[in-house]
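Report on the structure given below.
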């Protein structure tokens, strides 16, 4: 690994030197994935920001359902795979290598479909997705690229496919959060782990 | 206030019904500002996301200095006013009404300069700022609008004005975080409090 | 005022040295507003162009009704406040500091609404305006940004809100005229008078 | 002429019915050109605006030299042909049929070069012009397309080719004025006279 | 012709030195047109590429009908003049001087209408064309500028004007082929022959 | 394969029904690759266009060296892998799924580097390439996106990295040719073969 380019423009701390909570989180991820995704190492340069980043990430991506304080109105429409579709589509639009490659891998694993991530990253209009997922990605792309133009008609287009407004929040919030993530990754030159490129492409990997 | 348009497309919870930590934070802000900024009420619809949002916000905007784990390399170059300049410039580019108006107010208060926020929101090239601040905003605008093109030359341009690379992280991270905030505000139709519009424009305002 | 940046990249003539008609016009404005808006001083560097500029301005903004030679078809739909809304919205899109600040002030004064100018300058889709005014600004923004694509459908959209074609001329002509004004102001670095920033924001500001 | 499409979306007044000053001006133009350019007929629908339009046009295009109140600093650098080059280049960028065709004709006549107008309208970078004219058109195109980004460096680039700042005003003001004209022509669907298309292309064209 | 700028950035071979098939083709064109269009001379620098270019050109532009292997479904809707309209409109959008000027000439000759090429090159929305031709050019312009967004709705819009899907292939393929031609011409600085500028503008020009 | 979406919007001919030369070419490709890339089947709908397409493709991609008639000046600088880099980068910019996936596979195979294609497709600025290759891709991307702005300075930037002008032709011509290919693929909805997605990613594949 001596010849590998650095994973960030900024210093990358040793795992052992990190605050306990971050160290613990990283070890858990390593245990689960078999390696430490570089985003954990690179963002650890700024522990307070990293904690907020992870908390935001978890709030949007780990929960089931819409998470509203109003449980009944809460959307339950987005599967974990669909959340990753939003990430991959918007990260492609933002030309963020780390997020396309890393979340492309997660999308393939969640969906158990080896082609879907490349399709969505390059052009979601050509992807093997349902009309409902197409509407979801159209909304996400508008939040990504023209959020200032989001209007009632955009919400209505989602409702026509059975999405609740809580789902719309989820879709938009994931697009917005990766508006942050993509910019951070491009800012610091975050390099995807080599492992991500192949993940989910072959039947038995690991 | 009965005729005022809603502050969000989504339900706005009663303060009394909120989890204790959020309720406490809101009351503190109200105590300090004299009113509750609408972002606190609107985001409280999603408590977990709000906590992460506030933690990120505080990590980037409340600290002094660069916050790196490597204290010596840590940039100390950005004043609180300068951090708000970044927010106002990028929020203007993203056409986010809430952030331009609310952070424009904060910028005026911090800098004690009643004209600076409107200047930066409309066109930072015409603002009464130093060449160093101009370089800071040029970098922030590139992260806002073309983060995929950020390169060594952009960091070098900052260094030529005495910024450290930790300062570059700060500048870029604030631009990236408001890449998220602006999209959320436009997504939910977040309405600025009327109070913000005048704040910092008149000598003794309350 | 010795430390104030210059109001124009170009020489600014003394009022006393100006041709009588321009001198008279400037003194009238000063009498009415309490100060001389910088556009009058900066454009006076070129008296012939200034006279044409003022004549165009007056033809579009001072009249009542549509001004057509065909009186019956003449639109009477645009109030003075609405004409200023068009200016503020398109000047925001063109990132023209002078026009956003100066006409934002005039808009506040005409409408007696202290928030409306900032709303329209940042994002007219989020402003407290009627659907008819929204259609007016959508048309104006298209003339501002994509005039080559103006078609029958755009006129029809205005008619659906009760505008006549003469109103459409008014809306488009104001957007076109500030296409000129915004470019001139950005060309010469025209600086708004400090007085404009606060005008119309506080109850008794005289 | 019964089958010809209308020259404007708006009513076109009879010449005989126009105010005397406009009628006189039109007859003079007709006498000189052999026909009445449609812009005179179409704009006459709004006499006050037309007078201002013509006054602005004449101030920028008919004078010799820079026209500044400060005679000594006044630029004398722009020939009439070069002024038309600015019009043709920016009108091409704005996709304004009337101005490309009508001013293309005038440019050919002034320069006595039948190819120059098409070259500049399509891509000024490929036109048979001098490096000085190329710098002039680069500045004009920036005022046309990105006036908010005009800075000292743009003026410096002109000075490097011997242009004075008064010349810069001329170049920018012509680009700005046709920012207005192009939008008006596209707004009203102004149709170029058939005569313009061939003018200046053949040796003796009466 | 000694003072004429070069027709290409690259060496232009002598006709006599060319492979027999290219030499023959060039002599045929010269015989028919009275001169050798510069594209033949400039591309001859790369004989193999030129042969492919001409074969593609001929397949799209010389045939009658749609050329599909499925004769019955084959579109026959595009006249030679309409094919040239597509070329002129997309070459205008790509700012390709050679193709606008040379194919503008061919369009005038085919259509026997001296104004049509300039109209379409500058703004096809203002051209004297039928609604069907307008739909054809809208489709072509989308392939030219946003091919990644072509969808079923775009095909449906063509069908509404009587075009078959084979016609859609023709329209799109011509736009795509000139996506190549325009880039090549701009790459090598291909200069149009002076003869093209006037061709088709005057009654008897042979 | 019954559930697979169609590989083209248009009818796909049986291989056995094709003209002998195309049939032969397809069988050769199948023999070499183990499957028939869909582009061969989809384009065979138009045999004459397909022949020209293949001839152009082969002229640009199969040769060694620059292919100029002037052998001595001929560039020899582009390896087959580098030619594929140009294709992948520009196809990513054009959001062409077929070309990104199919040529991404070929690039991985040629370079024997499993990560390079994804890197270049998403953001060539973040790819593991040499400064010389970066200059090559910068030039190619300018031809892809802004060919009308290609100038002497762009050629000079290539020369600074040791490229000849013949290399510049090669780089630009490949970008131009895929300007055509990408538009055709998006036009007809060309679907990449499933086999391409994994090709070149695993050590021994097949």
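The values are calculated or read from the model by the stated rules, or taken from the named source; none is laboratory data. Computed from a prediction, not measured in an experiment: that's the story for all the values here. Reconstructed Cβ throughout: ideal geometry from the backbone, glycine too, with neighbour counts over all protein chains shown.
The figures follow:
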quantity: So residue E:59, is it buried (at least 22 other Cβ atoms within 10 Å of the Cβ), at pLDDT 95 or above and in contact with a helix residue (DSSP H, G or I) (Cβ under 9 Å, 6 or more places away or on another chain); calculated: no
quantity: Condition broken by residue A:106, with the remaining ones in (1) farther than 30 Å from residue A:38 by Cα; (2) more than 11 Å from every other protein chain (Cβ to nearest Cβ) satisfied; calculated: (1)
quantity: Residues (touching a helix residue (DSSP H, G or I) at 6+ places or on another chain (Cβ under 6 Å) and part of a loop (DSSP other than H, G, I, E, B)) located in the stretch E:194-206; calculated: E:199, E:200, E:201
quantity: Tally, over the stretch A:38-52, of residues that are at the interface with chain B (Cβ under 7 Å from one of its Cβ atoms) and in a helix (DSSP H, G or I); calculated: 5
quantity: Subset of the stretch F:112-132 (residues that are free of Cβ contacts under 8 Å to residues at least 60 places away in the same chain and within 15 Å of the chain's Cα centre (by Cα)); calculated: F:116, F:118, F:120, F:121
quantity: For residue F:138: the one exception among (1) crowded, with 24+ Cβ neighbours inside 10 Å; (2) closer than 10 Å to residue F:89 by Cβ; calculated: (1)
quantity: Among the candidates E:200, E:179, residue that is crowded, with 16+ Cβ neighbours inside 10 Å, within 14 Å of chain F (Cβ to nearest Cβ) and in contact (Cβ under 8 Å) with a residue 24 or more places away in the chain; calculated: E:179
quantity: Residue identified as facing another protein chain (nearest Cβ under 9 Å) and either touching a helix residue (DSSP H, G or I) at 6+ places or on another chain (Cβ under 8 Å) or part of a loop (DSSP other than H, G, I, E, B) (or both) among A:191, A:113, A:134; calculated: A:191
quantity: Exclusive hit being more than 30 Å from residue A:139 (Cα to Cα) and in contact with a helix residue (DSSP H, G or I) (Cβ under 6 Å, 6 or more places away or on another chain), set B:121, B:147, B:168, B:185; calculated: B:168
quantity: Matching residues, the stretch E:146-170, being buried (at least 22 other Cβ atoms within 10 Å of the Cβ) and more than 9 Å from every other protein chain (Cβ to nearest Cβ); calculated: E:158, E:167, E:170
quantity: Candidates E:153, E:175 - the one that is more than 23 Å from residue E:79 (Cβ to Cβ) and not in a loop (DSSP other than H, G, I, E, B); calculated: E:153
quantity: Residue in the stretch F:122-131 that is surrounded by the most Cβ atoms within 10 Å (Cβ to Cβ), counting only those that are more than 7 Å from every other protein chain (Cβ to nearest Cβ) and either outside any loop (DSSP other than H, G, I, E, B) or at pLDDT below 95 (or both); calculated: F:124
quantity: Condition met for residue C:108 (in a helix (DSSP H, G or I), without any contact (Cβ under 8 Å) to a residue 24 or more places away in the chain, touching a helix residue (DSSP H, G or I) at 6+ places or on another chain (Cβ under 8 Å) and surrounded by 19 or more Cβ atoms within 10 Å (Cβ to Cβ)); calculated: no
quantity: Tally of residues being within 12 Å of chain B (Cβ to nearest Cβ) and either part of a helix (DSSP H, G or I) or at pLDDT 95 or above (or both) across the stretch A:72-93; calculated: 6
